[in-house]
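J.: Quick one: structure below, then a few questions.
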Amino acid sequence: MTRSPQSGRVSNSYGRSIVSEARVDDALSEALVALAHWLSAARVPYALIGGLAVALQAAPRFTKDIDLVVWTDDARWPELVASAEPFSIMPRRADVLAFAQRTRVLLLAHSSGVPLDISCGALPFEQELVERAEPIDVGAVVLQVATPVHLLVMKAIANRPRDRADIETLLRTFPDVDTVAARAVVQEFADALEAPELLSDFDRLVRDSQPR
């Protein structure tokens, strides 16, 4: 990597409270309730990302873990990990903080067995992703979930087969999503990572989603 994207910001016009029709199994539901209560008590803003966020925003799909971004000072990481224990959330490795210092990811798990991969945001894009997260009611709890346009960016950056399928789902579910804004941020990451295929693959998926 030669540099990190610094300015990428996207807009969204969704700003709505949603009652999700996605079905969540008991273990995942238990972990989500604990997660939401823990971060609320800790006063740490967050946004769900990954497959679960796509399932909640667009279409149900199988996922066995919880991915999210939090926005908090790095100095709070030890306090944050310690405060998770009363909510049955524990580290998945003994060097959880040292690992987070290297990767900016806290690897935790709920006692139900559900893994939690918590990315500690640092970029303006990640801050915006968290700030513009949408509340989605899943019955047992209201969760903060990344918007469709932010999910497009995250999935384009990951760019695995499953991520490309999720992009197709998002584009099909939200045909009016602001792909121009998403593309601008994807381009920043593609340039920073020296990975032009991120942008070309995203462009192809957007093009293929358009009516012929």
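J.: Antiparallel DSSP bridges in the chain: what percent, to the nearest 5?
T.: Numbers: 16 of 24 bridges.
If we restrict to bridges inside the chain, about 65 percent are antiparallel.
J.: Let me ask you something else. Write out the trypsin sites (Lys or Arg not before Pro) in the stretch 131-201 meeting two conditions: DSSP loop, and at most 14 other Cβ atoms within 10 Å of their Cβ.
T.: Hits after loop and neighbour filter: nothing returned.
J.: Something else: Using a 10 angstrom Cβ neighbour count of at most 15 plus a DSSP loop assignment to flag exposed GluC sites (Glu not before Pro), which longest range of the chain is free of such sites? Don't jump to the answer; show the numbers that get you there.
T.: On the way: sites that count: Glu21, Glu194.
Of all site-free stretches, the longest is 22-193.
J.: Here is a further query. If you rank Val153, Val33, Val105 by fewest surrounding Cβ atoms within 10 Å, what's the result?
T.: Val105, Val33, Val153
J.: What number comes out for the charge environment of Ser119, summing +1 per Lys or Arg and -1 per Asp or Glu over other residues with Cβ under 10 Å away? Show your work: numbers first, answer last.
T.: Numbers: positive: Arg104; negative: Asp67, Asp117, Glu126.
Value of the local net charge: -2.
J.: I've got another one for you. Only sites in a loop by DSSP and with at most 11 other Cβ atoms within 10 Å count here; which chymotrypsin sites (Phe, Trp or Tyr not before Pro) in the stretch 55-154 make the cut?
T.: Values: sites: Phe62, Trp71, Phe87, Phe99, Phe125; in loops: Phe62, Trp71.
Answer by residue number: Phe62.
Each value in this text was obtained by applying a stated rule to the coordinates, not by laboratory testing. These numbers were taken from a predicted model, which means no experiment stands behind them. All Cβ positions, glycine included, derive from the backbone under ideal geometry; neighbour counts span all protein chains shown.
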